[in-house]
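**Student:** One structure follows; several queries about it will come next.
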Amino acid sequence: MTGTFISLFSQTLKKVAFGHNKEDPEMTMLKIALLIDEITGEPLYYKVLDGSIADVTLLQNLFAELSKLDAEQIYLVLDRGFCSENNFQMMFRDNIGFVAGLKSNLKFAQQSLQEFVPQLMLALSQQHSPEIDCYCATKKIEWYSSSRAFGKEYSPFYIHVCYDLQR
């Protein structure tokens with residue numbers, strides 16, 4: 001699934017009346033959630049959403065609808081706007097695979113940055129990834145999700161830290 005926004009000048013469409021683009025607060029917008037087949041690239045699901053819905057809460061509303069799809073496995077690719085411990089809990093609990101940008105204010109993200117950035121700044125060749133042309137490190141932590149039905153369950157959670165010398 002991917003989420004995106006479209007900036008609009010419309011003053012009559014209800015979905016864009018309250019959304020505001022972070023880059024241009026005067027521009028209204030709407031959001032589109034899109035689920036595509038990984039192999040064929042064909043759209044499986046889409047939904048036009050109010051521009052005012054926060055990305056973090058958008059997933060909560062979509063999970064109920066996604067559970068109705070006849071899909072073997074769903075993998076989500078999410079930007080930092082979807083980053084919240086609650087969303088991670090829901091995805092683990094619902095067995096939804098994901099790749100997400102982390103917000104650096106999360107405790108486990110801060111710990112990973114403090115651990116890896118000094119090493120990555122050394123620009124050692126064994127940490128260089130030619131595919132993405134930056135220096136990388138990975139950390140595996142145990143993430144727990146809890147539910148009434150199953151109690152606490154632990155799953156592997158991989159944190160990838162990438163460092164670009166130019167940035």
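The values are calculated or read from the model by the stated rules, or taken from the named source; none is laboratory data. Computed from a predicted model, the values in this text were never measured in an experiment. A quick note on method: Cβ atoms are made from the backbone with ideal geometry, for glycine too, and the neighbour counts reach across all protein chains shown.
**Student:** Give 9, 5, 18 a once-over and let me know the one that is among the aromatic types (Phe, Trp, Tyr), modelled with pLDDT under 70 and surrounded by 15 or more Cβ atoms within 10 Å (Cβ to Cβ). Steps first, please.
**Tutor:** Numbers: 9 fails: surrounded by 15 or more Cβ atoms within 10 Å (Cβ to Cβ); 18 fails: surrounded by 15 or more Cβ atoms within 10 Å (Cβ to Cβ).
The unique qualifying residue is 5.
**Student:** In the stretch 142-159, what count of residues is obtained for those that are without any contact (Cβ under 8 Å) to a residue 60 or more places away in the chain and surrounded by 14 or more Cβ atoms within 10 Å (Cβ to Cβ)? Before the answer, list the steps.
**Tutor:** Restricting attention to the stretch 142-159, the residues satisfying the condition of being without any contact (Cβ under 8 Å) to a residue 60 or more places away in the chain are 142-152, 154, 156, 158-159.
Checking which are surrounded by 14 or more Cβ atoms within 10 Å (Cβ to Cβ) leaves us with 143, 145, 159.
Total satisfying the criteria: 3.
**Student:** Hey, another quick one. Which number in (1) over 29 Å from residue 64 (Cβ atoms); (2) free of Cβ contacts under 8 Å to residues at least 40 places away in the same chain marks the one condition that residue 86 misses?
**Tutor:** Tallying (1) over 29 Å from residue 64 (Cβ atoms); (2) free of Cβ contacts under 8 Å to residues at least 40 places away in the same chain, residue 86 fails exactly one: (1).
**Student:** Could I ask something else about it? Any residue that is farther than 21 Å from residue 54 by Cβ and in contact with a Gly (Cβ under 6 Å, 6 or more places away or on another chain) - is there at least one of those in the stretch 74-91?
**Tutor:** Scanning the stretch 74-91, I find at least one residue that is farther than 21 Å from residue 54 by Cβ and in contact with a Gly (Cβ under 6 Å, 6 or more places away or on another chain), so the answer is yes.
**Student:** How do the strands (runs of 3 or more DSSP E) wholly within the stretch 95-167 filter down when requiring 3 or more residues that are closer than 23 Å to residue 79 by Cβ and modelled with pLDDT of 90 or more: which remain? Full working, then the answer.
**Tutor:** On the way: elements: 97-100, 134-147, 151-163.
So the answer is 134-147, 151-163.
Rundown of residues vs (1) over 15 Å from the mean Cα position of the chain (by Cα); (2) within 20 Å of residue 158 (Cα to Cα); (3) among the hydrophobic types (A, V, I, L, M, F, W, C), yes/no style:
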| site | (1), (2), (3) |
| --- | --- |
| 44 | yes, no, yes |
| 74 | no, yes, yes |
| 86 | no, yes, no |
| 101 | no, yes, no |
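**Student:** Working only within the stretch 86-122, note down all residues that are of a type in the set (Gly, Ala, Ser) and loosely packed, with under 12 Cβ neighbours inside 10 Å.
**Tutor:** Step one: of the stretch 86-122, the residues of a type in the set (Gly, Ala, Ser) are 97, 100-101, 104, 109, 112.
The answer is 97, 104.
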